[in-house]
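The values are calculated or read from the model by the stated rules, or taken from the named source; none is laboratory data. Predicted model, so just to flag it, every value in this text is computed and none were measured. Every residue, glycine as well, gets a Cβ built from its backbone with ideal geometry; the counts of neighbours run over all protein chains shown.
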Ligand SMILES: [Cu+2]
């Protein structure tokens, strides 16, 4: 959408009003759907959180925090030489209007250093920090219910090895 207004020839008033409209609606432009956290067994050090995120404008997910773990990182799974690997990323791109899935085989939120076991039926608070193209940040509060591995189906990758 903004492409239409990038040309300098455009009426300045229109540009100003457009920018004003963007800043007025800067809050709560990011929608999070179907968040969930994987349950853990007693003593398990880490778990993962997953969801679908849709931002209204080009943005990126730059961080996640949760009281459920001492360290929270955003990870990316990738396949290298037939081996699944994962590691932290600085940000997850959220192109305008496109739903980005955080899922077991892609980007996911790693909860490392769990402060307690995550049991089925628990709700884990997550705070997402999303930055738009202008560098403005918003936080999105998410309440993620815990699901078991069986419910979440594909949980084949090993989280412990590369941490
Ligand atoms: Cu991970």
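Annotations
- Hits in the range 33-87 (condition: under 15 Å from the mean Cα position of the chain (by Cα), without any contact (Cβ under 8 Å) to a residue 60 or more places away in the chain and not in a strand (DSSP E or B)): 56
- When we screen 97, 116 for residues that are closer than 17 Å to residue 45 by Cβ, surrounded by fewer than 15 Cβ atoms within 10 Å (Cβ to Cβ) and either away from the ligand (no atom under 13 Å from the Cβ) or at pLDDT 95 or above (or both), the only hit is 116.
- Here the condition is being within 16 Å of the ligand (Cβ to nearest atom) and modelled with pLDDT under 95; of 80, 148, 70, it holds for 80 alone.
- Hey, residue 142 under 16 Å from the mean Cα position of the chain (by Cα), within 11 Å of the ligand (Cβ to nearest atom), part of a strand (DSSP E or B) and at pLDDT 95 or above or not: no
- Test: residue 101 is within 27 Å of residue 150 (Cβ to Cβ) and within 15 Å of the chain's Cα centre (by Cα): yes
- For beta carbons closer than 6 Å, sequence separation of 6+ or different chains, a first residue in the range 95-108 that is in contact (Cβ under 8 Å) with a residue 24 or more places away in the chain and over 16 Å from residue 60 (Cβ atoms) and a second that is in a loop (DSSP other than H, G, I, E, B) and within 12 Å of the ligand (Cβ to nearest atom), the qualifying pairs are 104/155.
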